[in-house]
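Presented below is the structure to which this report refers.
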Amino acid sequence: MEKPLTLLHTATVHHATFSKLAEQIAPNLELVQHIHEDWLTRARENGMDSALHAEISELVQTADGPVVCTCTTLGPVAEELGAIRIDRPMMSAAARRGGKILMVFCLESTRTPSTELLEQEIEATDSDATIIPMFLEQFWPLFEAGENEAFLACIAGAVNAYVVDHPDTNTVVLAQASMAGASSLLSQLKMPVLTSPEIALQAFA
């Protein structure tokens, strides 16, 4: 019997999102989902202190099988401790496409880990890709308030407006898992809109 896939979330909404995706992509895959909303809050307010580091380490080390961290802010530390960063497969796919990559994110704490990861993948693939950051912090309060449809609509609107003015954009990367639902609102675009949950689960299908 294959070992289950453990998911580390920092938002409750991800539980339903990944359960639904798994049914579509990997129906035989057993998911064990842990939700620690306070971990993201603590990381944003205090950084990755020793206590938070220890708690993440305990979850990773005691899991029965691979662990995927779905939080971009915690991703680098979780990966150091043996987890898999949910955004690495997505960033690798974007790097391989090359050209101008519009990297969209809503948290300042996401900027550095997402940018550094994409830069790593660009270097690893010897790509000619260029990163264009799009910081949409003004929409994050909608997500925190549970207004997910409005949050996704605002993300999609901003991305669409940018691409209309910059048709040479080659790939759109929705850097945070919380933004993945906006991809369905951008299906009219002529370039790929990459999201981390779907691409990561496909790797375990």
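The values are calculated or read from the model by the stated rules, or taken from the named source; none is laboratory data. Keep in mind the model is a prediction, meaning the values are calculated, not measured. Counting neighbours? That spans all protein chains shown, and the Cβs are built from the backbone with ideal geometry, glycine included. These area figures cover heavy atoms from the full protein model, side chains too; ligands, DNA and RNA do not enter into them. Shrake-Rupley method; radii C 1.70, N 1.55, O 1.52, S 1.80 Å.
Observations on the model:
- Per residue, the convex hull volume that the Cα atoms of the stretch 125-181 enclose (Å³): 91
- Centre separation in Å (Cα based) which lies between the stretch 132-205 and the stretch 7-80: 20
- Only helices enter this figure: runs of n ≥ 4 DSSP H residues, each worth -39500 (n - 2.57), summed and divided by the residues of the chain, yield -14500 deg cm²/dmol at 222 nm to the nearest 500.
- Of Ala180, Thr169, Leu117, farthest towards positive along the dipole that unit charges on Lys, Arg, Asp, Glu beta carbons give the chain: Thr169
- Note on Glu37 and Ala161: the extension gain reaches 41.5 nm, defined as 0.36 nm multiplied by sequence separation minus the Cα-Cα distance.
- Counting protein heavy atoms only, the chain has 49 percent of its accessible area on carbon and sulfur, 1.4 angstrom probe.
- Using the Cβ-Cβ distance between Ala145 and Thr112 with R0 set to 25 Å, the FRET efficiency works out to roughly 0.45.
- Stretching Asp168 away from Glu123 to a fully extended chain increases their span by 14.0 nm, per 0.36 nm per residue minus the current alpha-carbon distance.
- The residues of the chain have, on average, 47 Å² of accessible surface per residue, using a 1.4 Å probe with all protein chains present.
- Two-site FRET efficiency, Glu80 against Gln188, from Cβ-Cβ distance with R₀ of 35 Å, rounded to 0.05: 0.35
- Membrane-span-like helices of the chain, defined as complete DSSP H segments with a Cα extent of 20 Å or more along the helix axis and a mean Kyte hydropathy of at least 0.5, are identified as 148-165.
- Over the stretch 67-142: Rg over Rh, Cα atoms, Kirkwood Rh: 0.98
- Estimated at 0.36 nm per residue, the fully extended path between Glu30 and Ser50 surpasses their Cα-Cα distance by 4.1 nm.
- The stretch 1-30 residues near the modelled Ala205 label - backbone nitrogen below 18 Å, point 7 Å along Cα→Cβ: 5, 17-30
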